[in-house]
Each structure stands twice: as structure tokens, then as C-alpha cells.
Amino acid sequence: MRLLNAGQAAYVDGWEDYQAVASYDREHWFRVPTRYENGELVIEHQPETNSLYYAYFAPYSYERHLDLLAWAEQHDNCRSVRLGQTLDGRDLDLLVVGNPAVAKAAVWVTARQHPGETMAEWLVEGFLERLFDNDDAQARRLSQQLVFYVVPNMNPDGSVRGIYGPMQPG
Ligand SMILES: [Zn+2]
């Protein structure tokens, strides 16, 4: 498979050592041999079935985003704050982990300003899992001393619309 206009991508340097991902069930994703040559992205892969998905990075769906918010808020030291409404009418959500009144410092984690960067929201999910792990002494210490302001998806509209870069008004 050749992506003929890969050379016109927003960030061409990103193709260096890049490997596309593929999935048969949209659950498990694996890397496939990919190379960038002469302005084209070449994915060389022999599918085992007629139906297969390829992606830039493992997708992080809007449904999973909503699941993440609901799951996070079930933890005692986490609450969600609605920052506002997007142009398409979706909520822009912030998760606050820890107690701002006693925290020694605040840490901000924001993901997916570029909505196509799904790996950033996977990172947030793993980050929160660790932070919520009561058996993890380091995580316990951090969440007692600091307050974390986490925006798992800065650009839900772009994520749903499948836009890579920032949303243009109008
Ligand atoms: Zn970015």
C-alpha cells in the first residue's frame, strides 16, 4: 500500500522510523513494516483475511474517552470539571486528581491538542491507572503531595471528525 501524498503531511519528519499499525479485531493492534521513500509512505503487509484495519496509531475512540472520564471519576480523589463546550457541542473535560487546597504544587497533563495523536490519550489512561493504584507507594505519595489537572482530550471535535491538526473555525 502506497500513500502517495505522505510528503505533504503536516509533519514529514515524523515518518522517519515510523511503523503503521494494523488490527483484525480493532482491539489488538500490531506494527506492520513501513518505510518512507520519495515522498511516499509504503506499508508492506500481507493480510490473513479480507477485512483488516490500518491506522496511524492505535485509535482511541470517543466512546473510550467517555468511558475513561466515567471510570476516573469513580475514584475518591478524582473529580471532573467541565471546562466548556466545543464548537460541535461536546464537553471539554478536565480531571482533577488530588486536593488543590493542600497540594504543594500543581501538575498539568494535556493530550490531543492534535486530535490524531491518539497515543497521548493512551498515555493519559495508563498514567491515571498508575496514579489511582493504592498499592503503588510512589503514586500514593505523589497524589498526596500534588494536584494533577488532566485534560485527556483537548480536541474532542477533531477526534470525532478525524482531523489531524487544530480545528479551524467556520
Ligand atoms: Zn501534537
* Answer residue from region 17-37, given it is more than 17 Å from the chain's Cα centre (by Cα) and assigned to a loop (DSSP other than H, G, I, E, B) and is nearest to E63 (Cα to Cα) among those -> D25
* Asked: Which of the residues that make up region 132-152 are buried (at least 16 other Cβ atoms within 10 Å of the Cβ) and within 17 Å of W71 (Cβ to Cβ)?
  -> F132, A139, S143, F148, V150, V151, P152
* Across region 72-118, what is the number of residues that are free of Cβ contacts under 8 Å to residues at least 24 places away in the same chain and not in a loop (DSSP other than H, G, I, E, B)? -> 7
* Asked: Hey, any hits in region 83-96 for a residue that's in contact with a Cys (Cβ under 9 Å, 6 or more places away or on another chain), away from the ligand (no atom under 16 Å from the Cβ), hydrophobic (A, V, I, L, M, F, W, C) and not assigned by TED's automatic domain parsing to the domain that holds Y11?
  -> yes
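The values are calculated or read from the model by the stated rules, or taken from the named source; none is laboratory data. Predicted model only: the values in this text are computed from it and were never measured. Glycine gets a Cβ as well: all are built from the backbone with ideal geometry, and neighbour counts include every protein chain shown.
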